[in-house]
Amino acid sequence: MASFQERLIETIMSDFENIKSLGPGKVQRNECNLLLKRIESAKKLFLDDQDSSARLEKIERSVSDLRLKS
């Protein structure tokens, strides 16, 4: 059984993949903004876990890049 942290990261990654399939535009930017807020909240939960925080930061950079391109 996956830990809460693993499950949360998997969900964020899955949502990011779904957002990428939307195609560029306003909807994609809005969804990226919402996901970035979720990532920020998750990072606060994982302050003590450097591995999970690093994974979230990597995802956060990818989402930010996608938001800028759309």
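No lab work stands behind these numbers, since they all come straight from the coordinates. What you see is a predicted model, and the numbers here were worked out from it, not measured in a lab. Virtual Cβ from ideal backbone geometry, glycine too; neighbours counted across all protein chains shown.
To make sure I understand the rule: partners must be aspartates and glutamates, Cα under 13 Å from the Cα of residue 44, and not fewer than 8 residues away in the same chain. Which ones qualify?
Leaving aside aspartates and glutamates fewer than 8 places away in the same chain, those within reach of residue 44 are 57.
To the nearest 10 degrees, how steeply does helix 26-45 sit against the main Cα axis of the chain, on a 0 to 90 scale?
Here the helix axis deviates by roughly 10 degrees.
Quick check: the angle from helix 4-20's long axis to the longest principal axis of the chain, C-alpha only, nearest 10 degrees?
Computed tilt is about 10 degrees.
Quick one: net charge around residue 35, please, counting Lys, Arg +1 and Asp, Glu -1 for every other residue with C-beta under 13 Å from its C-beta. Don't skip to the answer; put the middle values down first.
On the way: positive: 20, 29, 37, 38, 43, 61, 67; negative: 15, 17, 31, 40, 60, 65.
In short, +1.
Which FRET efficiency value, to the nearest 0.05, do you get for residue 65 and residue 6 by plugging their Cβ-Cβ distance into 1/(1 + (r/R0)^6) with R0 = 22 Å?
Here the calculated transfer efficiency is 0.40.
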